[in-house]
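Input: a single structure, listed below in structure tokens.
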């Protein structure tokens, strides 16, 4: 009986261990919203380097986007602005901007990395079982009567974030009004290759601030 109790306890502990929101110190992923690429992140807290690219949705090649690269050893954050004319590079003597911490901020907003999932859902995007976390609420302004449900999906088999789905319903009728689909593509953990932090411009031309 004691052996069975210990076994059950161990299985529960294992389930708790694998049922948390992933929050690694070294990772890469591409962020899309409704199929449109928004940002690319490469974070290596161990190496002290971070990169964030964000892209213009205009389709105009002259306005391609920007990139921030933080290098701890240099004590600088480089901003490469490809949306200015001419293109600019600015070297800031500050830490990485808050946007660089997109994923850790998201994890914190969902209750932290130790927050146990709310529901198991079978979903094709997870090749089977997803661990999901849910947040919901109402908006009852004068001309708004909405109910929001936002759900974070993590592939159970690999502990890999898959998507963030927000659905808006009419609070009175329950009818679905809209759905927004944010995806975390090419999620890779572990040491980040140096090429992720290659400077897209000559940093000797950067303006110091």
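A short reminder: the numbers here are calculations on the coordinates, not readings from a lab. Values in this document were obtained by computation on a predicted structure and should not be read as measured data. Here Cβ is always computed from backbone atoms with ideal geometry, including for glycine, and neighbour counts include all displayed protein chains.
How much length is gained on full extension from residue 84 to residue 181, taking 0.36 nm per residue of separation minus their Cα-Cα distance?
31.9 nm
Which distance in nm do the two modelled labels at residue 203 and residue 140 give, with both placed 7 Å along the Cα-to-Cβ direction?
Going from the residue 203 label point to the residue 140 one covers 5.4 nm.
Please find the FRET efficiency linking residue 113 to residue 72, where r is the Cβ-Cβ separation and R0 is fixed at 22 Å, and quote it to the nearest 0.05.
Approximately 0.45, to the nearest 0.05.
Could you list 196, 136 in order of exposure, starting from the residue whose Cβ has the fewest other Cβ atoms within 10 Å?
Ordered by Cβ neighbours within 10 Å, fewest first: 136, 196.
Shape verdict for segment 139-209, please, from the Cα gyration tensor: rounded (a/c under 1.5), prolate (a/b greater than b/c) or oblate.
oblate
Assuming a ≥ b ≥ c are the square roots of the Cα gyration tensor eigenvalues, decide whether segment 94-144 counts as rounded (a/c under 1.5), prolate (otherwise, with a/b larger than b/c) or oblate.
It is oblate, given that a/c is not under 1.5 and a/b is not larger than b/c.
Mind running the shape call on the chain? Use the C-alpha gyration tensor, a ≥ b ≥ c as the square roots of the eigenvalues: rounded below 1.5 for a/c, prolate if a/b tops b/c, oblate otherwise.
Note, shape of the chain comes out oblate.
Using 1/(1 + (r/R0)^6) with R0 = 22 angstrom and r between the beta carbons of residue 149 and residue 33, what's the FRET efficiency to the nearest 0.05?
0.80
Grab the DSSP H runs of the chain that are 4 residues or longer, score each as -39,500 (n - 2.57), total them, divide by all residues and round the 222 nm result to the nearest 500 deg cm²/dmol.
-3500 deg cm²/dmol
Per residue, what volume in Å³ does the convex hull of the Cα atoms of segment 50-157 enclose?
Details: hull volume 23.1 nm³, N = 108.
Dividing the Cα hull volume of segment 50-157 by its residue count gives 214 Å³.
How many nm separate the modelled label positions at residue 98 and residue 189, each set 7 Å beyond the Cα in the direction of the Cβ?
With each label placed 7 Å out from Cα toward Cβ, I get 2.7 nm.
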